[in-house]
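Here the structure is laid out as structure tokens; the discussion comes afterwards.
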Amino acid sequence: MMRAESLGMSGITSPALEARVMDGDVPPLSTRVMDAEGVVLVECTGRVTVFNSQAAAHFGIPVPLHIEHARLPGCEWVREDGTPLPSQDSPLARALAGELVDASVWHVLRPDGVRAALRCTAVPVRGGDGQVAAALVRTHAVDALAAPVLDASRLLAEAGSLLGTSVDAEARLEPLLKLLVPALGEGALLILRSKGTAGEDVLRVAASLHADPGRHALLRDVLTRSPADPSAPGGLPRAFASGAVGRLPILSEEHVVAIARDAEHARLLRELGPHGCLSVPLGARGGTLGALMVLRSNVLRVFGAEEEHLLTELAHRLALYLENARLYREAREAVRQRDEFLGIASHELKTPLTPLSLKVQLLQKQVVNLAREGKDVPTDRVAEALDVVQRQVRRLSGLVDNLLDVSRITAGRLRLELEEMDLASVAAEILYRFSAAAAQAGTELGLEAPVPVVGRWDRLRLEQVVTNLVSNALKYGAGQPVIVSVEANGTLARLTVKDHGIGIAPDDLARIFERFERAVSDRHYGGLGLGLYITRQIVEAFGGTVSAVSTPGEGSTFILELPRGDIPEEWLIAHAAPGPTQGE
């Protein structure tokens with residue numbers, strides 16, 4: 001004998017009612033039948049015990065918990081000619097009154113304005129006392145509104161023509177959705193996936209459209225107030241979760257409760273009305289760029305295999321278009337960066353070459369003239385000229401080294417030779433090298449390193465990192481003090497470089513570590529825009545991180561954190577920062 005649970009009636013609380021079900025007074029429903037038919041079980045009190053997803057789709061409403069006077073919320077039973085049917089004549093009302101309603105076609109006007117034709121069977125369910133305790137209604141969609149003839153070839157041809165006329169992807173997305181609405185459904189969405197600054201998934205509604213202007217505005221309101229969230233439970237279609245086609249027969253009350261972020265969001269979803277959904281992934285290069293989703297308010301019109309195939313093919317073409325547009329943008333940006341870099345590089349390389357050339361020419365002229373006159377060349381003049389030459393050669397050498405480092409990094413040939421060393425000593429050595437330049441600029445250099453901080457690093461690369469950070473602080477420090485501090489935190493070593501100069505705007509902090517990027521005009525501050533990029537690459541090769549915090553006009557602080565590597569444990573204890581003494 002079929003138990004109540006197999007009917008989806010586990011919520012029945014009346015023992016007598018459950019007994020009638022088990023006694024066979026209610027025709028049994030297999031799981032397959034329940035999947036194909038709508039099933040409604042309503043007690044005489046109005047409590048809705050069963051209301052499956054197909055019933056919600058047939059009647060176009062979320063699952064109700066309670067009904068009054070045998071009337072389903074927002075629905076009206078009508079005659080074949082469209083005139084209203086008295087509520088007591090509906091199949092549900094008649095079954096609650098104790099009448100057995102044989103299978104026949106009934107018409108219902110749904111809240112979304114769709115008039116649905118349903119084949120209904122209504123059975124009264126009696127309790128142990130013989131009185132009607134509930135009514136069971138089975139529904140099956142018949143003669144649903146005829147689906148428009150779908151000209152897939154024409155639609156794909158129009159989509160191809162649309163996508164082939166421009167490389168501006170964003171400008172072509174909404175016109176593309178107009179090909180789908182209302183051909184495939186009343187609404188359509190295009191959601192794209194990207195990576196956030198922390199590497200997290202970020203979803204963006206790139207385009208949306210609804211055939212009903214009122215619902216279009218409501219849809220935009222829903223998407224604006226509550227943007228797509230990849231971490232929200234139940235909020236993502238299968239197209240994002242697994243790259244598979246997803247189907248939602250109807251946005252039921254359970255779905256609303258699952259995805260609503262607050263009461264206002266739930267209200268907007270309910271106001272938008274019940275919709276079925278078909279979502280297909282935008283797959284390219286082994287990943288999922290996003291999803292193309294079609295919404296259908298007439299949920300009696302299920303999405304067929306032909307429509308799924310069409311939408312999948314369109315999504316495939318759209319994904320290729322978006323990927324090609326992205327590659328085009330990146331190539332164009334790379335060319336722009338290359339041209340900009342070549343302009344900056346030629347300027348930077350010419351800057352030391354000009355005084356170098358002038359000084360060499362002047363020295364040559366003086367030597368020739370003195371030789372003609374038979375006089376000795378003054379050593380002080382030669383030493384002064386050679387000092388200028390040496391400074392400019394070092395500057396040129398540094399620029400060329402930066403270019404070579406970028407080449408090595410790009411080719412993956414940045415090698416590290418690790419050895420034990422003290423980060424505090426390295427910092428002190430670098431500050432000593434900059435002491436003359438700092439004194440000339442009127443900048444005070446300070447070092448806060450109370451104890452050695454030993455780790456295993458590449459000395460030349462570590463010196464390069466500290467040099468870049470100190471040089472950057474002197475360059476933008478506006479002559480104010482620059483403080484370098486070194487400390488240990490267990491297996492991590494931390495070095496900070498703080499200046500009190502011009503600072504960095506918040507929007508520029510995220511990009512200053514990128515190649516050829518700078519937060520200031522190259523007219524006022526020289527350089528190739530490679531120092532911080534190379535610094536980040538070396539630090540990441542060490543397994544560490546480098547970041548910056550800044551307030552414009554108040555200076556910047558660069559924070560370098562490096563793992564100390566495989567060093568003896570006693571170094572972590574013997575060279576730890578001194579703690580407070582007794583009595584402090």
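The values are calculated or read from the model by the stated rules, or taken from the named source; none is laboratory data. Everything quoted here is computed from the prediction, not taken from an experiment. A quick note on method: Cβ atoms are made from the backbone with ideal geometry, for glycine too, and the neighbour counts reach across all protein chains shown.
If you go through region 434-453, how many residues are part of a loop (DSSP other than H, G, I, E, B) and of a type outside the set (Asp, Glu)? Full working, then the answer.
Here is the first cut: in region 434-453, the residues part of a loop (DSSP other than H, G, I, E, B) are 442-444, 449-453.
Still in the list and also of a type outside the set (Asp, Glu): 442-443, 449-453.
Matching residues across region 434-453 total 7.
Rundown of residues vs (1) touching a Gly at 6+ places or on another chain (Cβ under 8 Å); (2) crowded, with 21+ Cβ neighbours inside 10 Å, yes/no style:
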{"position": "Val48", "(1), (2)": "no, no"}
{"position": "Trp77", "(1), (2)": "no, yes"}
{"position": "Pro124", "(1), (2)": "yes, yes"}
{"position": "Gly128", "(1), (2)": "no, no"}
{"position": "Ala134", "(1), (2)": "no, yes"}
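Can you go through Leu342, Leu282, Leu349 and tell me which one is at pLDDT 80 or above, not assigned by TED's automatic domain parsing to the domain that holds Ala56 and not acidic (Asp, Glu)? Explain how you work it out, then say what you get.
Details: Leu342 fails: at pLDDT 80 or above; Leu349 fails: at pLDDT 80 or above.
Going through Leu342, Leu282, Leu349 in turn, the sole match is Leu282.
Among all positions in region 321-331, there is no residue which is exposed (fewer than 15 other Cβ atoms within 10 Å of the Cβ), closer than 21 Å to Leu209 by Cα and over 20 Å from the mean Cα position of the chain (by Cα).
Across region 541-584, the qualifying residues are those that are assigned to a helix (DSSP H, G or I) and exposed (fewer than 14 other Cβ atoms within 10 Å of the Cβ), and the one among them that is modelled with the highest pLDDT is Glu569.
Given the options Val132, Val63, Val123, name the one that is under 16 Å from Val39 (Cβ atoms), over 42 Å from the mean Cα position of the chain (by Cα) and in contact (Cβ under 8 Å) with a residue 60 or more places away in the chain. The unique qualifying residue is Val123.
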